[in-house]
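See structure below.
The values are calculated or read from the model by the stated rules, or taken from the named source; none is laboratory data. Source: prediction; values computed, not measured. Don't worry about glycine lacking a Cβ; one is built from the backbone with ideal geometry, like all the others, and counts go over all protein chains shown.
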Amino acid sequence: MSDQTQPWAERTVEVPKDSGPVVPPQRDGFQRGVASVGRPKTSRTEPFPVVEQEPTGWFSPGPSRPLSWYLAQWRNGAEWTAAGGLFAFVCWGIWAISSRGDLTSPVVTFLLTLLVAGGLFALARLLGRLVWERQLGRVRRSARGAHAVTAIFLVGVGIAYLQQTDWVVSAWNWVTGG
């Protein structure tokens, strides 16, 4: 140790100058602390040539997306179908109560109506996919069109239920003066 009169000298240890850092030998020509940036990498394999496929009409392949992406689209515009379904349910309830009989047949009728509405929604989505996405090459961001078509159908069904109710028809004729 050299000069102990300095306050930091008692906490430091001198290292002999002849000993350098011990670095273990590296394999494959790599050096410690040297980045491989800019070094050309040679590939052992040759890539295959890429041939692009052109769209061929109605059944051209669209972009591949997961099913969850399509299911998330169905939520956009669902308020239209919910409003139409609520209107159809209220109108069906008025018709079913005014029939004053067994509710088995009206319940089956309403369930079949909902099944047809679901099929109409699926058909509208399929037509949208074929025409809007594949033929026109556009991306659908929501299901608002299919929900609007389904809501219009359900409102029409609700009006049809009301037209089968005698007191609603007579009240309508009294209001309109017909």
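Numbers at a glance
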read-out	value
Residue under evaluation GLY101, criteria (1) within 14 Å of VAL157 (Cβ to Cβ); (2) exposed (fewer than 11 other Cβ atoms within 10 Å of the Cβ); (3) not aliphatic (A, V, I, L, M), criterion not met	(1)
Residue within the range 134-147 that is within 28 Å of TRP95 (Cα to Cα) and either of a type in the set (Ser, Thr, Tyr) or not in a helix (DSSP H, G or I) (or both) present	no
Test: residue in the range 165-176 that is touching a Pro at 6+ places or on another chain (Cβ under 9 Å), in contact (Cβ under 8 Å) with a residue 40 or more places away in the chain and in a helix (DSSP H, G or I)	no
Single residue of PHE110, PHE153 found to be crowded, with 17+ Cβ neighbours inside 10 Å and without any contact (Cβ under 8 Å) to a residue 40 or more places away in the chain	PHE110
Residue match in the range 95-108 (condition: within 24 Å of the chain's Cα centre (by Cα) and outside any helix (DSSP H, G or I))	no
Single condition TRP174 does not satisfy, out of (1) exposed (fewer than 14 other Cβ atoms within 10 Å of the Cβ); (2) closer than 23 Å to GLY119 by Cα	(2)
Residue pairs meeting the criteria (Cβ under 8 Å; at least 6 apart or on separate chains; first within 19 Å of ARG75 (Cα to Cα), in the range 125-141; second exposed (fewer than 13 other Cβ atoms within 10 Å of the Cβ) and of a type in the set (A, V, I, L, M, F, W, C))	GLU133/VAL139
Residues of the range 51-94 satisfying the condition of being within 17 Å of ALA146 (Cα to Cα), modelled with pLDDT under 85 and part of a helix (DSSP H, G or I)	TRP69, TYR70, LEU71, ALA72, GLN73
